[in-house]
Amino acid sequence: MFELHHLTAQEQWDWLQRGEVSPTELATHYLERIDRLDPRDGTGVGAFVTVTADVALATARARERDPSRTAPLWGLPFADKDLNQRAGVATGFGSRLMAGFVPTESDELTLALDAAGGVSLGKTTTPEFGLPSYTETLVGPPARNPYALHLGAGGSSGGAAVAVAAGLLPFAPGSDGGGSVRIPAAATGLVGLKPSRGLIPSGTGIDKLAGLVVPGPLARTVADAAMMLDALVSSGPPPFTLRAPRWDGGPLLGAAVRGEGRFQVAVCTDSPWDDAYEITVSGDASAALKVAVDGLDAMGHGLEELCLEPDATYAGAFRTIWQAGAAGIPAEGEQLDLLEPLTRWLVGRGRALSARRLAESLGQLAVFERSIIRQFAHVDAVLMPALALTPRPIGWFDPVDGERNFAQQVQYTPFTSFANVTGLPAITLPVHVTDEGLPMGVQLVGRPGGEHVLLALGAQLERRLQWQRRHPPMW
């Protein structure tokens, strides 16, 4: 039986424009699914930490009175990641430390999505302060993978991924500081896109430590991801002088819809963690890579192998930045006891760092950035596994031993963080399904400002593999 969530975000927007469905009807449909599949008693999929049904319906009714119905996301439901503040809505950052915090002002990203005409249904689950690559916290249930509920959804945008994969939202914004959009997208069979540093005005990344964190979309199709990205890119002038180069072909959605072009693609299975940790690429990850390679080859793209030049500084430098990023968490004295063990360990390590060590690490990562851009410059995109392992069981990551936990995260997802360090655009694509029925993806990394190439390649693979027709049992 047909239901509204069976439509892509693009199709839903078209229906809204033609008056075949109203924003209120669409919001109501998704709120009812959330109530059924992710109830507030914690027995659901763990996608939402807060549902703002009354506010969402009021916003939807206001959209219906708005004459600017051609806004890029007009009437489409989404949800804010619980790291992003929305005035008047509790924002918990996945932490007991922030219980009861209700901001009086909204973040720029939140305002940008509102200005684009979207309708927020609430807040999606995130791990504590978005630090780990999995979404399990002490403040609520874990984000469960809709394809197998005993497995995790990845992180830190795990709740957003679950909501989209389970049909609780048409698409969702996430944030990506080391793979936090791409990891959960790959784990739950979605398209996840991390844009170039400086591209999105409301989240350039330039104001973040080492320039790592940028927002990006999670969606079921390449065009839906491009649709949300366009809305964020057009949300205002950049607040900094640096901005990623833009292609001159108009909205990025055009590249995703047309899916045109033949490109030179390098295939790489190295990661910058290989010398510091024991990295094993599973058979399922290799199978996904082969599906993508065979598809690109059949469509006439040029393919070559690429091996990363060794870099002995990357692992230590990134660890330093990860720890330093936790140092500013506003917890002192007895408040530290409210943090989860991993976060408390990170805060302690981060606050013990010397300014000299931090400066050295920033310098090492800057050298690494220039090296990677040089190594990738002769091709249009680099194809890699998205994850080294299949989605991890809930409880798999060590909750107490910080060193072991960090090693587990690296072994699960060694291919994502370097795109944040270099500021390059990267997209994960759900090209494969394992024998157990689990999604496995690949990652394409582009040149600075090369989102249009990634979207074109993704659209071509999507047309060939038809992953938009795959859905979890609860669909």
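Each value in this text was obtained by applying a stated rule to the coordinates, not by laboratory testing. Note that this is a predicted model, so its numbers are computed, not measured. Virtual Cβ from ideal backbone geometry, glycine too; neighbours counted across all protein chains shown.
Annotations for the structure displayed:
- Computed from label points 7 Å out along Cα-Cβ, the spacing between Arg404 and Ala87 is 4.7 nm.
- Kyte-Doolittle at least 0.5, axis length at least 18 Å by Cα - qualifying DSSP helices, the chain: 283-298
- Total charge dipole magnitude, segment 14-469, about the Cα centre, Cβ charges on Lys, Arg, Asp, Glu only, Debye to nearest 20: 580 debye
- When the charge dipole of the chain is built from unit charges on Cβ atoms (+1 for Lys and Arg, -1 for Asp and Glu) and taken about the Cα centre, the candidate among Pro215, Ser106, Pro67 whose Cα reaches farthest toward its positive end is Pro67.
- Net charge dipole, segment 298-445: roughly 440 debye, given to the nearest 20, about the Cα centre with Cβ charges of +1 for Lys and Arg and -1 for Asp and Glu.
- If R0 equals 41 Å, the separation of the Cβ atoms of Thr313 and Ala287 corresponds to a calculated FRET efficiency of about 0.80.
- Sites Ala366 and Asp41 - FRET efficiency at Förster radius 51 Å, r taken between beta-carbons, to 0.05: 0.60
- Based on Cα contacts under 8 Å between residues 6+ apart, segment 282-407 shows a relative contact order of 37 percent.
- Mean Cβ count within 10 Å, highest first, over the residues of peptides 357-364, 64-71, 188-195, 341-348: 188-195, 341-348, 357-364, 64-71
- Nearest-20 debye value, segment 61-202 charge dipole, Cβ charges on Lys, Arg, Asp, Glu: 240 debye
- Full extension of the chain between Arg351 and Ile206 gives 50.0 nm of extra length, using 0.36 nm per residue less the Cα-Cα distance.
- Note on the chain: helix-only mean residue ellipticity at 222 nm, from DSSP H runs of 4+ residues weighted -39500 (n - 2.57) and normalised by residue number, equals -11000 deg cm²/dmol.
- The stretch between Ala377 and Leu7 holds 129.4 nm of extra length on full extension. This uses 0.36 nm per residue minus the Cα-Cα distance.
- In the chain, a dipole from Cβ-located charges (positive for Lys and Arg, negative for Asp and Glu) runs towards its positive end, and of Ala315, Gly446, Asn145 it is Gly446 whose Cα lies farthest in that direction.
- Taking 0.36 nm per residue of separation and subtracting the current Cα-Cα distance, fully stretching the chain between Val55 and Asp337 would add 98.1 nm.
- Using a cutoff of 8 angstrom between alpha carbon atoms and counting only pairs six or more residues apart, the relative contact order for the chain works out to 17 percent.
- FRET efficiency for Asp14 and Glu64, using Cβ-Cβ distance with R0 set to 22 Å, rounded to 0.05: 0.85
- The label-point distance for Asp248 and Arg470, in a model that sets each label 7 Å from Cα toward Cβ, rounds to 3.9 nm.
- With Cα atoms as the point set, the radius of gyration and Dmax of segment 58-120 evaluate to 13.1, 42 Å.
- Rounded, prolate or oblate (a/c below 1.5 giving rounded, otherwise prolate when a/b exceeds b/c) for the chain by Cα gyration tensor: rounded
- Between segment 1-74 and segment 399-416, the alpha-carbon center distance in angstrom: 36 Å
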